[in-house]
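*Asks:* Have a look at the structure that comes next, please.
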Amino acid sequence: MVDFLKKDVQTPLYGCYLASGISLRIETNSESILSIARANFESLDDSHVKNEVRLRLWVEDAHDSPQTRPYFRGLGHLVFSGYGERSSLLIDVASRRGAGRFTQSLSKNRSYWKTVVFPSLLAIVAPSVGLTSLHSACVSVKGRGLLLVGVAASGKSTLSLALAQAGLDFLSDDRILVGTRNEELRAWGLSREMKQRADAVRHFPALRHETLTERWNGDSVFRFDPAELFGVTRAEYCEPSWIVFLERQAAPSFVLEELQPEEAINLLELDLHQEMREAAERQHITLQALSKKTCYRLRHGGDPHTVARALGQLFQLGNSRRQVYRSRSIAVNKPSLAGDPLRRFRATCLRADVQMMGRHLRIETDSSLVLKRVAETFGTFESVPKGPPQFTWRIVTEQRRDHTAPWHSMTAFCDGPLRYISLGQFSFIAADLAQREAIGVLSEQLCEDDVGFSTVILSSLLHLSAPQLGLTPVSAACVSRGKNGLLLFGPPQSGKTTAGYWGKKLGLEFHADQATFLEVDRGAVYAWGEFWPTAFRPETMRFLPELAPLARSFTYRDRTFLCVDKGLLSGVNRGRVVPAACIFLERQASSSPRLIPLPRWEVSDQIFTDAGSDDDRVAILAMLRHVPAYRLLYDDDPSIAARLFRSVLDAHQLLEQRA
């Protein structure tokens, strides 16, 4: 937990690129990522370009096979991409910045970056820089573009390749970005590669020598670079001049029908994704400009080369030998809302305001189960101050069953105010400190685990939110008497949990066993105990049999804990306390207990987790240096350590009375 968020890792390499009309700056520790970017994008001089999108991508020394189908989800302005168990990316579309963590194996997978990572990234950030993503293929002639718009299996890929073989320049076979640059309407492709279904071999024999590398929407597909395989010419961008809306027919056919602008804009809006207001307004302006181009509906079937020749004659020669019909104003049933494939705009209508460590939190969700878990953790939602919350947590759930293990390993990364934790590939938690908002998109299976929900999910949300709440977590247990508390430090299995519980049996208040949250208030430092259950190792039950009826089992990966609610272990004083002393536990270090004072001790940064603000950390370090500190050496009996806790608090109380 010292650098769980990887705040201290270095990303000294960088490159600036023009990617599908987007200025992109990548900061990383991986030369392979920059090499892939240079091979796919135009390199730019960072001193002469405005960086529209900034990415910080860190590669760890680990290996992980990426999934064929990545996972994309978002909520509001935060969008998560899961590429595998340990490779992921979080994008803030509002600030146009992203933070990602990848394994060595994925960072060197050139094909995956070209076909998955870079295209999806550009499509996600495009609306925030004034570009509109369309489900369209695109070819061009002399800089003038022909857009082939259509749903899956409408013929975009086969027609775009056939047109490119007929002499037009290739941009894209599936998705393009459209926007205004230098007062001109332009279109860019998202990927240099294209995909073709297995049955395309009959029209493009060169594919017989290629391998079906993946599946797409249930079909086996080829993935290849058409310039390398077929020798077609490529264009980086073009000016959209014609738009053809494709409708594939079973029988050979070619029926071209001219559309009026209002019909064209209605059809284009069917494919539009829901966006924030400003981005949506820019999208609408772009679609209006496109609808004023020459637009057609094409009902086609049969050999794509025959259809391509007819289209080529029309758009290269300015007329067609085929009949072009005028539209009879066919009605288009428009959806009430634009599509939301990332589910960014789902409603979170259920709400709870809670008081936590003196802070006002608001929790919004779409799940009654989440609301139930919040109530179980924080109690009733009464006595919460009115007014806006200090931080908002939005938690949504999805019905996804994991048949291996629900609790995957957690990986995390951050960049400035942007931070996230992934729980495997399909669940994540993220926070934007600048906006005082955190989100969680979780499988329902995780929320069904009541202990895990508070121990993992809610505790992680608190750690991500801590800097803006004025809280700095330390890896310490905490016990107290009255307003005076002891911070108990030590490595795993040093006895913090069991000795803290024994302190409770001897009349002390038991506040925390894993994490204590410190705050600075009016020149003094205070400590709060965690809200999630206390976790005992199973072998502890031999020495504390009275806990067995109270404990609930929680398994995280290969480790099992017996967890007991804090409310059952602590008394009435669950507020903040003043650290009166710090004790460093050293178990099995001495046959007879020894309490050794540490004169003018220096607090180590190692006691902190990587949550909390740097300024608060500096202030807390300075204040704790004036707090008495001790080494506590003992054998294996936590009750002996607890008696010494009580002695230290008694001595401190006596000193206070004399003062």
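*Asks:* Please quote Rg/Rh for the range 1-120 to two decimal places, taking the Kirkwood radius as Rh and restricting both calculations to Cα atoms.
*Replies:* Values: Rg = 13.8 Å, Rh = 14.7 Å.
Looking at the range 1-120, the ratio lands at 0.94.
*Asks:* Explain nothing, just the number: relative contact order of the range 233-301, from Cα pairs under 8 Å at least 6 residues apart, as a whole percent. Write out the running numbers ahead of the final one.
*Replies:* Numbers: 79 pairs, mean separation 43.5, N = 69.
With pairs under 8 Å counted, the relative contact order is 63 percent.
*Asks:* Where only protein heavy atoms count, and the probe is 1.4 Å, what is the accessible area per residue for the chain in Å²?
*Replies:* Values: 28290 Å² over 659 residues.
Ligands and nucleic acids excluded, the result is 43 Å² per residue.
*Asks:* Using Cα pairs closer than 8 Å and at least 6 residues apart in sequence, work out the relative contact order for the chain, in percent.
*Replies:* Values: 1422 pairs, mean separation 67.2, N = 659.
Across the chain, relative contact order equals 10 percent.
*Asks:* Assign unit charges at the C-beta atoms only (+1 for Lys and Arg, -1 for Asp and Glu), then state the dipole size of the range 507-580 relative to its Cα centre in Debye, rounded to the nearest 20. Present the calculation step by step, with values, prior to reporting the outcome.
*Replies:* Numbers: 9 positive and 9 negative charges, 23 e Å.
In total the dipole reaches around 120 debye.
*Asks:* Would you work out which of A200, C563, T233 lies farthest towards the positive end of the dipole of the chain, given +1 charges on the beta-carbon of Lys and Arg and -1 on that of Asp and Glu, about the Cα centre?
*Replies:* In the chain, that residue is A200.
*Asks:* Something else about it: What does the charge dipole of the range 404-541 about its Cα centre add up to, to the nearest 20 debye, if the Cβ of each Lys and Arg holds +1 and the Cβ of each Asp and Glu holds -1?
*Replies:* On the way: 9 positive and 13 negative charges, 130 e Å.
That gives a dipole near 620 debye.
*Asks:* Any chance you could check the Cα centroid distance between the range 351-382 and the range 456-473 for me, in angstrom?
*Replies:* About 15 Å separates the Cα centre of the range 351-382 from the one of the range 456-473.
*Asks:* Could you name the lysines whose alpha carbon sits less than 25 Å from that of K372, not counting residues in the same chain fewer than 8 places away?
*Replies:* Straight-line reach from K372, under 25 Å: K386, K566.
*Asks:* I've got another one for you. Mind checking the dipole of the chain: about its Cα centre, +1 per Lys or Arg Cβ, -1 per Asp or Glu Cβ, Debye to the nearest 20? Display every interim value, and only then the final one.
*Replies:* Working: 80 positive and 74 negative charges, 122 e Å.
Result for the chain is approximately 580 debye, rounded to the nearest 20.
*Asks:* By how many degrees, between 0 and 90 and to the nearest 10, does the Cα long axis of helix 459-469 differ from the longest principal axis of the chain?
*Replies:* 90
*Asks:* Specify the angular offset, from 0 to 90 degrees and rounded to the nearest 10, of the alpha carbon long axis of helix 31-40 from the longest principal axis of the alpha carbons in the chain.
*Replies:* The angle comes out at about 20 degrees.
*Asks:* Which one, F80, F118, W58, projects farthest toward the positive side of the charge dipole computed for the range 42-195 from Cβ point charges (K/R +1, D/E -1)?
*Replies:* Looking along the dipole axis, the top candidate is F80.
*Asks:* Could you name the lysines whose alpha carbon sits less than 25 Å from that of K6, not counting residues in the same chain fewer than 8 places away?
*Replies:* K108
*Asks:* Of T540, T211, which has the most accessible area and how do the rest follow, probe 1.4 Å? Working shown, then result.
*Replies:* On the way: T540 15, T211 100 Å².
Sorted descending by solvent-accessible area, the residues read T211, T540.
*Asks:* Taking GluC sites (Glu not before Pro) as candidate sites, keep only those in a DSSP loop with at most 10 other Cβ atoms within 10 Å, then name the longest stretch of the chain containing none of them. Please report the intermediate quantities before stating the final value.
*Replies:* Details: sites that count: E183, E382, E602.
That would be 383-601.
*Asks:* Which trypsin sites (Lys or Arg not before Pro) in the range 4-56 sit in a loop by DSSP (not H, G, I, E or B) and have at most 12 other Cβ atoms within 10 Å of their own Cβ? Numbers along the way, then the final one.
*Replies:* Numbers: sites: K6, K7, R25, R38, K50, R54, R56; in loops: K6, K7, K50.
For trypsin sites (Lys or Arg not before Pro) across the range 4-56 that sit outside H, G, I, E and B with at most 12 neighbouring Cβ atoms in 10 Å, the list reads K50.
*Asks:* Along the charge dipole of the chain, Cβ charges K/R +1 and D/E -1, which of H284, C582, S368 sits furthest on the positive end?
*Replies:* About the Cα centre, the residue reaching furthest to the positive side is H284.
*Asks:* With only alpha-carbon atoms in the gyration tensor, what are the semi-axes of the equivalent ellipsoid for the chain, in Å, largest first? Don't jump to the answer; show the numbers that get you there.
*Replies:* Working: eigenvalues 718, 108, 98 Å².
Here the semi-axes work out to 60, 23, 22 Å.
*Asks:* Nearest 500 deg cm²/dmol is fine: what mean residue ellipticity at 222 nm does the chain get from its DSSP H runs of n ≥ 4 alone, each adding -39,500 (n - 2.57), divided by its residue count? List each step's numbers first, then the result.
*Replies:* Numbers: 15 runs with 149 residues, N = 659.
-6500 deg cm²/dmol, from helical runs alone.
The values are calculated or read from the model by the stated rules, or taken from the named source; none is laboratory data. For clarity, every value in this text was computed on a predicted model and none was experimentally measured. Don't worry about glycine lacking a Cβ; one is built from the backbone with ideal geometry, like all the others, and counts go over all protein chains shown. Note: accessible area is taken over every heavy atom of the protein model, side chains too, but ligands, DNA and RNA are not part of it. Shrake-Rupley method; radii C 1.70, N 1.55, O 1.52, S 1.80 Å.
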